[in-house]
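Single-structure report; data block below.
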Amino acid sequence: MAELQTIFFLGKGGTGKSTASALLALMLQQCGRRVLLASFDDAHNQADIYGQPLDDSPCRMMSGLEVLQLDREKEIQRYLARTARQVRQSFTYLTAFNLDHYFDILKFSPGMEEYALVTAFMRLQERCRDYDYLIIDMPPTALSLRFFSLPALSLTWIEQLEELRTEIHKRKEIISRIKFAGREFERDKVLTRIRGIKTDYQALKAIFEDEGRACLFAVFNPDPLSMAETGRICDQLDGLDIRLQGLIGNHRTPAGVPPTMPARLAAIPVQTIPYAPDPLIGIPALKRYIDAHNLTFAGLLPRESACLPTIPRAEGY
């Protein structure tokens, strides 16, 4: 079995990320791959596309294709509960205080949404060992970019925290040797926890930067505002050493000439999704659309070139 590959669909709100990710999930399923499609977007568009309620447990749509909807509020509560438990384990003297009130307030803190998404993603990586693909329908651009920047940002202050804690531990150890000569020192639970967090974020950062394990596709509409935002996505990911590997031009209207591709996007492979006069709701409609347009993502997924026929780059892109 090939290593799990995660495919992220990013883009401006309303560009068609959910439709594009649903189409790719179905095409890969038709190639015999086992696929989990996870929506991280609170809009619940995947539930609308598949015509049934979804929650955070995978729902089987057909053999080899399962879909789930992340519950962001539930993920935040789960993250806070785990954090509170770890704090109590590391700082036993805090059991005399009521921490629940503080964690109830903490759920409104800036950054909590991206922490919840990151922990949910890390858990999905563990759950998806038997899948070939994990496809993630991401929320709009601002939250998505905070999600991808979180590992690098967290590692910056975690490394400083580790250095500070190590120095504190050294000083405590010297004092302990003076007072308790010959006794074994208690393990520093705080430092152990800091290093565990550091390892987790290093692993996550490595996944985002490894093109063999993570593919990032940006969905855009052929209009100047959408393409300008796509350019900003590309620039910010570049600053994180994460490469945008594919562009998906989703035509929302039957006519119109696509604008000139910005120079920084010109070298990125493009998949065109033609205008659909009828709603792409339900698996039969998705299948008819794929067949009618000979739709393929092979140019964006090199390891599937034998399964998905390659078609030329779209005219005008």
>> For a quick check: with amide H placed at 1.01 Å from N, whose amide H comes under 5 Å from Gln271's, ignoring anything fewer than 5 positions away on the same chain?
In response: Leu247, Ile248, Gly249
>> Within 9 Å, Cβ to Cβ, of Pro58, how many net charges do the neighbouring residues add up to if Lys/Arg are +1 and Asp/Glu are -1?
In response: 0
>> Loop-only chymotrypsin sites (Phe, Trp or Tyr not before Pro) in the range 182-254, please: DSSP not H, G, I, E or B, and at most 12 other Cβ atoms within 10 Å.
In response: Phe185
>> Going by average Cβ density within 10 Å per residue, which order do the peptides 122-131, 245-254 take, highest to lowest?
In response: 245-254, 122-131
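Any read-out appearing in this document is the output of simple, stated calculations on the displayed coordinates, not a laboratory observation. Since the structure is predicted, the reported quantities are computational estimates derived from the model, not experimental observations. For neighbour counting, all protein chains shown are included, and Cβ atoms are generated from backbone atoms with ideal geometry for every residue, glycine included.
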